[in-house]
Ligand SMILES: Nc1ncnc2c1ncn2[C@@H]1O[C@H](COP(=O)(O)OP(=O)(O)OP(=O)(O)O)[C@@H](O)[C@H]1O
C-alpha cells in the first residue's frame, strides 16, 4: 500500500483549450479508501489514469511513498485495476482467473489458494470457483474482475473505475458493502471512481469531490454533509440537496431578497461576488410560530420523513415538516443557526469565529 501525493499536478490534453485537471496539491494516505466523485467530464478518469500510469500529466508530479513515479508506466507502479467492464479469461475457471495475478508474481500455491478462497468467499463466488468463466453472467464476470483486483495484498493501490456499472441494481448494494468489508480486512489504498453519491459515501472514508477539473473538497461523508466547502458539494451530496438563498450580509445577520433577516452564528467581513446562505433541508424546519414567513407549494411524503417545498422571499426552499405536525395554514420556517453557512461565489466563507480559531492554531 502506498501514500500517494500529487504536487502541482495538472493536465491538458493535446489540442484542448481548457485543462482537464487544474493544478492541484493533494495527499491520499496509506490504506485509505478514497472515492473520486463528480459529474461526467469533471476529470475523475483523467486523475485515475494519471495514478495508474496510463496517462502522463502535462504538469506536476505523482509520488508513491515519496518516490516520483510520474514517468513510470503502469506495469512498474504495482497497482491493481478494475474497470467498468469485466476483464476475465473465458477459458479459465473462476479459481484460475482469481489466481492469475498471484501466479504471475510467483506466490506459492498454498498461499495463493488461501487468498483466492478468501476473496471468493467475500464476493460470493465460492460455489462457482471450479466453473469456467465463459458460462457465467455479466454480474459474476464482473465479480471475478473485482476479485482479480483484490486478490494481491502487496499492491501500492487498487484502482476501481465505476466497477459496478454492469452490476444488477439489487446486487450493487451487496457488493458495495462487501468491498467496504474487504477494505477493513485488508487495508490497502483504494481509489474508487464514481458519479453515484451513494456508492461514494458507502465505500469511502474520504470522498474527493471534483468539478470542472478541480478538487473542490476532500472530506469524510460527515464533513461533506455538515460543512460543504463548495456550493456544488452542498447541492450534489444529500437528497434533497442543500438550499441556497441569495442574501446580503450585515454583520451577524443575513438579509434575504424580501428583507427578512436571519441571525447568523458568526460575523462575516466583506464578501465579494454572489453571496448565498446555505442550509440543508434537515436543518430547515417548519414551525407553528416564530421563524420566517414562507409560502407552501407542496408536501412530499418520503416515507420516513416529509419534505415541504416552500418559497421564502421568492426563493424555493426544501424543509422538514416534523412528524405529526399538521400542514400549517400560515407556514413559518426556522433554521438551526449552528447549521447555517455562507457562500461567496460558490465557496464557503469563513466567519470571524472560524478565522480566529484558525489564526490561533499552530
Ligand atoms: N483523450 C482525450 N482527449 C481530449 N480531451 C479529453 C480526453 N479524455 C477526456 N477529455 C476531456 O477531459 C475532461 C475530463 O474528462 P474525464 O474523462 O477525465 O472526466 P470524467 O469525470 O471521468 O467523466 P466520465 O464520468 O464521463 O468518464 C472532459 O472535458 C473530457 O472531454
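All of the numbers you see were taken from the coordinates with simple rules; none came from a lab. Just so you know, these numbers come straight off a predicted model, no measurement behind them. Methodologically, a virtual Cβ is constructed for each residue, glycine included, from the backbone with ideal geometry; neighbour enumeration extends over all protein chains shown.
Couple of notes before you dig in:
- Test result for residue 59, more than 16 Å from the ligand (Cβ to nearest atom) and farther than 27 Å from residue 238 by Cα: no
- Members of segment 112-136 found to be under 20 Å from residue 91 (Cβ atoms), touching a residue at least 40 places away in the same chain (Cβ under 8 Å) and either surrounded by 18 or more Cβ atoms within 10 Å (Cβ to Cβ) or in contact with a strand residue (DSSP E or B) (Cβ under 9 Å, 6 or more places away or on another chain) (or both), listed by number: 132, 133, 136
- Residue count for segment 306-339, restricted to those that are closer than 22 Å to residue 227 by Cβ and not in a strand (DSSP E or B): 4
- Positions within segment 1-28 being out of contact with any strand residue (DSSP E or B) (no Cβ under 8 Å at 6 or more places or on another chain) and farther than 16 Å from residue 59 by Cα, in sequence order: none
- Among residues of segment 256-305, those that are part of a loop (DSSP other than H, G, I, E, B), touching a helix residue (DSSP H, G or I) at 6+ places or on another chain (Cβ under 8 Å) and crowded, with 16+ Cβ neighbours inside 10 Å, counted: 4
- Extreme residue, nearest to residue 53 (Cα to Cα), among residues of segment 148-191 that are crowded, with 21+ Cβ neighbours inside 10 Å and within 16 Å of the ligand (Cβ to nearest atom): 159
- Filtered residues of segment 1-37 (kept if under 18 Å from the mean Cα position of the chain (by Cα) and within 16 Å of the ligand (Cβ to nearest atom)): 21, 24, 26, 34, 35, 36, 37
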